[in-house]
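The values are calculated or read from the model by the stated rules, or taken from the named source; none is laboratory data. Keep in mind that what you see is a predicted model, and the values were worked out from it rather than measured. With ideal geometry, Cβ positions are generated from the backbone for all residues, glycine too; neighbour counts draw on all protein chains shown. With ligands, DNA and RNA removed, areas are computed over all heavy atoms of the protein, side chains included. Shrake-Rupley method; radii C 1.70, N 1.55, O 1.52, S 1.80 Å.
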Amino acid sequence: MISFFLCLAFLVVGYFVYGKIVENTFGPDDRETPAVKINDGVDYVVMPQWKLFLVQLLNIAGLGPIFGALQGALWGPVVFLWITFGTIFAGAVHDYFSGMMSERNDGASISEISGIYLGGVMKNVMRVFSVVLLVMVGTVFAVGPAGLIVKLVSEAGASGFVSTGLFWLIIILVYYFIATFLSVDKIIGKIYPVFGICLIVMALGVAIGIFTKADYVIPEIWDNFTNMHPKGTPIWAGMFITVACGAISGFHSTQSPLMARCMKSEKQGHFVFYGAMVCEGVIALIWAAAGCAIYEVTGGLNTGLDAALAAGQSAAIYDVCSKTMGGVGIALAMLGVIACPITSGDTAFRSARLVLADWFHMDQKGMKNRLILCIPVLGVGAILGIGNMLGYIDYQVIWRYFSWTNQTLAMIVLWAASMYLYYEKKNYWITAVPATFMSAVSMTYFFSAKECLHLSTAIAYPAGIILAVLFLGLFLYAVKVRKRTEPHYETLQK
């Protein structure tokens with residue numbers, strides 16, 4: 001339990017100390033923000049800082065820091081280290097720069113931002129990557145809540161489960177369409193703060209349940225500094241990909257522009273972007289601790305947690321809430337673990353609309369253009385979701401592809417931030433170091449994972465690290481070349 005509190009303290013101190021260093025490196029000023037300058041009443045709307053924070057937290061959280069952290073706990077308490085230091089030095093840095101670079105470029109989507117700083121080819125790569133990721137996220141965050149609703153309110157058999165699940169999936173997708181279509185302050189700005197508070201309260205309830213029940217003891221990192229995964233899945237790079245939203249997530253870079261379009265001042269960025277990620281790190285730390293503390297360990301392996309997760313995402317979350325909080329936990333599971341992922345799913349589809357709008361230069365103030373983009377985006381999500389409910393598409397496979405795509409997107413965004421800092425003549429190592437690390441993680445997983453190339457670790461590990469070093473070398477070479485040509489910065493934004 002000591003190591004848990006140490007990691008918690010590191011996260012809090014990291015927000016105030018390293019978060020301030022990151023903010024000073026960027027250098028926010030008093031320039032007019034997109035929300036004030038453009039203000040179209042649909043996507044560009046000024047919101048108060050407290051609401052920006054809670055909306056951002058809901059945008060980036062959902063099931064990510066809950067289910068991802070529980071899966072990460074299969075490796076044991078070593079996951080605490082990745083959640084803590086990944087959040088401070090990578091995830092929060094990534095979220096801050098993705099939001100603030102968007103703010104400096106009129107609230108542009110992350111694909112357009114990547115094109116500005118990494119070139120036209122990367123812009124098109126990111127456009128495709130972003131849309132695919134966002135649709136997968138929207139699908140994941142529709143299927144999960146639909147399954148949990150069925151778990152909580154239905155006692156039907158297998159066929160009844162499918163039909164009831166399809167009903168709730170359709171209801172959720174209809175809501176997604178409405179939230180994607182309407183202006184940001186009509187639904188998102190009103191209900192998100194409430195559910196943001198619910199997410200925080202639920203995490204606190206799980207923590208209190210662990211601390212007040214004598215049967216639950218959070219294991220120490222130093223006593224269990226080993227791989228406790230029952231299937232023997234290597235920590236590198238499996239754990240770093242699986243935890244995803246609890247430490248660093250490229251999905252967040254697709255969400256940050258939503259709030260970049262609603263900020264009244266650049267100086268709100270530290271609290272809104274860096275702060276929301278640290279809060280998510282705390283939530284992930286609590287859920288990972290629950291996974292390590294509640295379930296039986298056999299032969300040094302987390303077999304009990306593995307069995308709980310095998311019953312399904314919804315069942316595992318329900319089980320943790322029930323064990324730590326009893327009836328109150330079940331109620332919070334219904335409110336929090338259903339509502340919170342739904343509120344990430346709708347902004348995922350909303351972000352997909354905005355990426356496509358930026359891509360095809362379609363103004364979104366009018367209803368017609370929004371309909372043209374909403375219908376196909378939600379249509380694809382519906383096909384994937386229904387396919388999962390009917391058993392044609394494996395939810396776990398969608399999650400794994402989502403996780404890898406997620407971290408690859410984060411890698412690209414960190415390289416874009418590094419180039420941005422170079423052009424601004426500022427310390428680009430603050431983003432280049434985590435960019436190199438995430439390059440190694442993403443490439444190693446791509447070479448080794450079953451759903452990718454599935455090469456042996458003897459090949460995948462060195463190949464991933466060599467590629468990461470190569471990416472760093474390419475970045476430093478690009479910096480050297482551009483330093484000689486000294487391009488005029490403003491022309492990069494055109």
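Solvent-accessible area per residue in the chain equals 37 Å², computed with a 1.4 angstrom probe and all protein chains kept. Dividing the C-alpha radius of gyration of the stretch 75-123 by 2.2 N^0.38 Å, with N its residue count, gives 1.52. When each of the peptides 281-289, 38-46 is scored by how many other beta carbons lie within 10 Å of its residues on average, the order from highest to lowest is 281-289, 38-46.
Annotation note: chymotrypsin sites (Phe, Trp or Tyr not before Pro) in the stretch 179-215 located in DSSP loop regions with a Cβ neighbour count of at most 10 within 10 Å are absent. Reported value for the chain: 133 Å³ per residue, from the convex hull of its C-alpha atoms.
Here is the list for the stretch 1-97: trypsin sites (Lys or Arg not before Pro) lying in DSSP coil, each with at most 12 other C-beta atoms within 10 angstrom of its C-beta, are ARG31.
Note on LYS186: lysines with a C-alpha under 17 Å away, same-chain residues under 8 apart excluded, are LYS51, LYS365.
Treating only the Cα positions of the stretch 32-160 as identical point scatterers, give the base-10 log of I(q)/I(0) from the Debye formula at each q in 0.17, 0.23 Å⁻¹. Log10 of I(q)/I(0), two decimals: -1.18, -1.42.
Across the stretch 164-290, C-alpha contacts under 8 Å between residues 6 or more apart give a mean separation that, scaled by the residue count, equals a relative contact order of 36 percent.
Cα centroid separation, the stretch 181-223 to the stretch 424-474: 32 Å.
For the chain, the membrane-span-like helices by this rule, meaning whole DSSP H stretches whose C-alpha atoms cover at least 27 Å of axis and whose Kyte-Doolittle mean is -1.0 or above, are 120-153, 158-181, 188-212, 275-294, 338-359, 367-389, 395-423, 429-448, 457-485; this says nothing about an actual membrane.
Once C-alpha pairs closer than 8 Å and six or more residues apart are averaged by separation and normalised to the residue number of the chain, the relative contact order reads 30 percent.
Local charge sum around GLY107 (other residues, Cβ-Cβ under 9 Å, Lys/Arg +1, Asp/Glu -1)?
Residues near GLY107 contribute -2 overall.
Residues GLU32, GLU23 ordered from highest to lowest accessible area at a 1.4 Å probe: GLU32, GLU23.
Could you tell me what percent of the accessible area of the stretch 169-299 is made up of carbon and sulfur, with a 1.4 Å probe and every protein chain present? The value for the stretch 169-299 is 69 percent carbon and sulfur by accessible area. Here the peptides 165-174, 78-87 are ranked by packing, the mean other Cβ count within 10 Å, and the order with the highest first is 78-87, 165-174.
Here the stretch 145-296 is treated as a Stokes sphere of Kirkwood radius computed over C-alpha pairs; at 37 °C and 0.692 mPa s its diffusion coefficient rounds to 172 µm²/s.
For the cross-link pairs LYS267/LYS483; LYS123/LYS483; LYS37/LYS267; LYS264/LYS480; LYS20/LYS480; LYS450/LYS480, the ones whose C-alpha atoms lie over 27 Å apart are LYS267/LYS483; LYS264/LYS480; LYS20/LYS480; LYS450/LYS480. Extension gain for VAL217 to ILE170 (0.36 nm times residue separation, less C-alpha to C-alpha distance): 12.8 nm. Summary of packing: across the peptides 456-466, 236-246, 376-386, the per-residue average of other C-beta atoms within 10 Å ranks them, highest first, as 236-246, 376-386, 456-466.
For q values of 0.15, 0.19 Å⁻¹, compute log₁₀ I(q)/I(0) with the Debye formula on a Cα-only model of the stretch 232-387, without solvent. Treating every Cα as an identical point scatterer, log10 I(q)/I(0) equals -1.06, -1.33. Its Cα centre serving as origin, the chain has a Cβ charge dipole (Lys and Arg +1, Asp and Glu -1) of approximately 880 debye.
Dividing the radius of gyration of the alpha carbons in the stretch 231-287 by their Kirkwood radius gives 1.11 for Rg/Rh. Averaging the sequence gap over all C-alpha pairs within less than 8 Å and six or more residues apart, then dividing by the number of residues, gives the stretch 1-101 a relative contact order of 48 percent. Taking the 1.4 Å solvent-accessible surface of the stretch 1-110 as the whole, the part contributed by carbon and sulfur is 68%.
Of all lysines in the structure, those lying under 17 Å Cα to Cα from LYS213, and not within fewer than 8 positions of it along the same chain, are LYS323.
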